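Data block below; observations after.
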Amino acid sequence: MAPEKILNISVDCVVFGYDITSKSLNVLLIHRFLETENKVLVDDYVLTGYHVYKTETLDDTATRVLKELTGLTNQYKKQFKAFGNPDRLMNEKDLIWIKNEEFNLRTVTIAYYFLLKTEDVNLDSITNKATWFPIDNLPELGFDHKKIILEAYDDLKVKCLSEPIIFKLLPDKFTINEVQDLYQSILNIDIDNRNFRRKLINKKYIIALDEKQVGVSKKPAQLYMFSKDIYDKMFSKNYLISI
């Protein structure tokens, strides 16, 4: 027997991924397409999401939605806001889509965001034509999903300064420049290299490894890792790093 859905409560997931090669913070979106015999009715992108099952918690639903989309589990996730304006689904294309899918017009969605590495997602295995889009170059979006994405992004910008969540977007072994590039990508600012390097390597939870980059054309840089154990022992309610 199929699980019973709560027809007017859904979860939408903003999946952030960082591409360390292009130095781009991206959002994973799925293609929404509907046509009649001779006319395209809907052709845009949306977040991945689904109704909450009656037997699930909201966190359960978010975890299920991400797993069904990417196959990934145990990723960093945060519930950040509920969206329930009466007109949030009233765009002409949205009404066409809702009628076709038999959705409830008065649906409240609970929004989460996830952090992961873009290379961990096999786009070829996703059936909904999922695509990574840079946060500063989003396509046409359905429903109120642009608003949801931008509010998730605002929350991420605050959280990345007070919690060590950026390391969820980086490889286990990274260079100082890669950390700086990521901060610059998220915060959309330029950071003084020398100052940043000095501050970061003085953090006890940033561990220098007896390893350097391999397979690079320039001089290989020192590799580091983040120690959550050390961080948890010494952390106090303060900023992770001042920029």
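Brief remarks follow.
Yes/no per residue for (1) touching a strand residue (DSSP E or B) at 6+ places or on another chain (Cβ under 8 Å); (2) at negative phi; (3) of a type in the set (Asp, Glu):
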position	(1), (2), (3)
Glu140	yes, yes, yes
Phe143	yes, no, no
Lys147	yes, yes, no
Ala152	yes, yes, no
Pro171	yes, yes, no
Ser185	yes, yes, no
Lys199	no, yes, no
Leu209	yes, yes, no
Ser217	no, yes, no
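- Residues of region 104-128 that are in contact (Cβ under 8 Å) with a residue 24 or more places away in the chain, surrounded by fewer than 17 Cβ atoms within 10 Å (Cβ to Cβ) and either closer than 18 Å to Asp12 by Cβ or among the aromatic types (Phe, Trp, Tyr) (or both): Asn104, Arg106, Val108, Asn128.
For every residue, the table says whether it meets (1) more than 30 Å from Lys81 (Cα to Cα); (2) exposed (fewer than 13 other Cβ atoms within 10 Å of the Cβ); (3) outside the structural domain of Arg106 (by TED's automatic domain parsing).
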residue	(1), (2), (3)
Gly142	no, no, no
Gln180	no, no, yes
Ser185	no, no, yes
Asn188	no, yes, yes
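- Residue in region 30-51 that is in contact (Cβ under 8 Å) with a residue 24 or more places away in the chain, over 30 Å from Pro134 (Cα atoms) and part of a strand (DSSP E or B) present: no
- When every residue of region 220-236 is checked against the conditions, none turns out to be loosely packed, with under 12 Cβ neighbours inside 10 Å, assigned to a loop (DSSP other than H, G, I, E, B) and among the charged types (D, E, K, R).
- Failed criterion for Ile96 (all others in (1) at pLDDT below 95; (2) over 25 Å from the mean Cα position of the chain (by Cα); (3) exposed (fewer than 13 other Cβ atoms within 10 Å of the Cβ) hold): (3)
The values are calculated or read from the model by the stated rules, or taken from the named source; none is laboratory data. Note that this is a predicted model, so its numbers are computed, not measured. Don't worry about glycine lacking a Cβ; one is built from the backbone with ideal geometry, like all the others, and counts go over all protein chains shown.
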